[in-house]
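Step one of this worksheet: look at the structure below.
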Amino acid sequence: MTHDRKTNIIYIVIIGLVALLLQAFFVPIIEIGVWRPDIVLLGVLYIGYRYGVIAGILSGFILGIFQDSMSPLPLGITSLANSVIGFAAGQIRQFKLAYNARILASVILILIQGCIFYFFYQLRAEATYGYLLLTRVFPNTIYTFLIGLLISFFISSKTEKI
């Protein structure tokens, strides 16, 4: 294993751990009713964009399993949705999109992740899929996107100063 590959694995693990910790301890503080941002999904998107398809899929699956284990939901729903999004982010990486196009792609991927997640969630819930789309998917997509922009702003302003 080369030095760069080891370093990349360490960075991916750090990103995943930070995302899980923020999801577990910070998100409950800022959630609004049932609307909550998905920091783990933002980490999966970043890993997919930065390190490619395989890293995106693996991080989506592993972080999704950990995220599912921290919630009362059935194991595997989040890992499936996050794996699909990690794959898509890795595929989008190959296009080398401009910043604005990557932002639009991120919004679409966050929306798709919510659609996949709540499709399987509604099978066990008493709510209809349309209701869940309107009350959970769309607000959570906007909330996750805004938190992602905020994180992106702080990370990019820190790296520009160095």
Please list, in chain and number order, the residues 5+ apart from Asp38 or on another chain whose amide H is under 5 Å from its amide H, with Hs placed from the backbone.
-> Thr144
About its Cα centre, what dipole magnitude does region 39-162 give when the only charges are +1 on Lys and Arg Cβ and -1 on Asp and Glu Cβ, stated in debye to the nearest 20?
-> 360 debye
Length gained when the stretch Leu17-Tyr99 is fully extended (0.36 nm per residue, less Cα-Cα span) | 27.0 nm
Cα-based Rg of region 1-60 normalised by 2.2 N^0.38 Å, two decimals = 1.27
For every helix of n ≥ 4 consecutive DSSP H residues, a contribution of -39,500 (n - 2.57) applies; sum these over the chain, divide by its total residues, and give [θ] at 222 nm rounded to the nearest 500 deg cm²/dmol.
-> -24500 deg cm²/dmol
With Cα springs under 10 Å, the Gaussian network model of the chain assigns the largest mean-square fluctuation among Asn100, Asn140, Asn82 to Asn100
Calculated FRET efficiency for the pair Leu75/Ile151, C-beta based, R₀ 22 Å, to 0.05 = 0.20
Over region 69-124, what number does the Rg to Rh ratio reach, with both radii from the alpha-carbon atoms and Rh per Kirkwood?
-> 1.07
Measuring from centroid to centroid over Cα atoms, what is the spacing of region 20-75 and region 87-158 in Å?
-> 11 Å
Using the charge dipole of the chain (Lys, Arg: +1 at Cβ; Asp, Glu: -1 at Cβ; taken about the Cα centre), state which of Thr78, Gln23, Asn8 has its Cα farthest towards the positive end.
-> Asn8
May I ask you to evaluate 6.51 cos²θ - 1.76 cosθ + 1.60, the Karplus curve with θ = phi - 60°, for each residue of region 127-135 and list the ³J(HN,Hα) values in order in whole Hz, giving x for glycine and proline?
-> 8, 7, 5, x, 4, 5, 4, 6, 9
Relative contact order [Cα under 8 Å, 6+ residues apart], region 1-85, whole percent | 24 percent
Scan the chain and note any complete DSSP helix (H) whose C-alpha atoms cover at least 30 Å along its axis and whose Kyte-Doolittle average is 1.0 or more.
-> 99-121
Which is farthest toward the positive dipole end of the chain among Phe66, Trp35, Ile92, measuring Cα position about the Cα centre, with Cβ charges +1 (Lys, Arg) and -1 (Asp, Glu)?
-> Ile92
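A short reminder: the numbers here are calculations on the coordinates, not readings from a lab. Predicted, not measured: the structure shown is a model, and the values here were computed from it. Every residue, glycine as well, gets a Cβ built from its backbone with ideal geometry; the counts of neighbours run over all protein chains shown.
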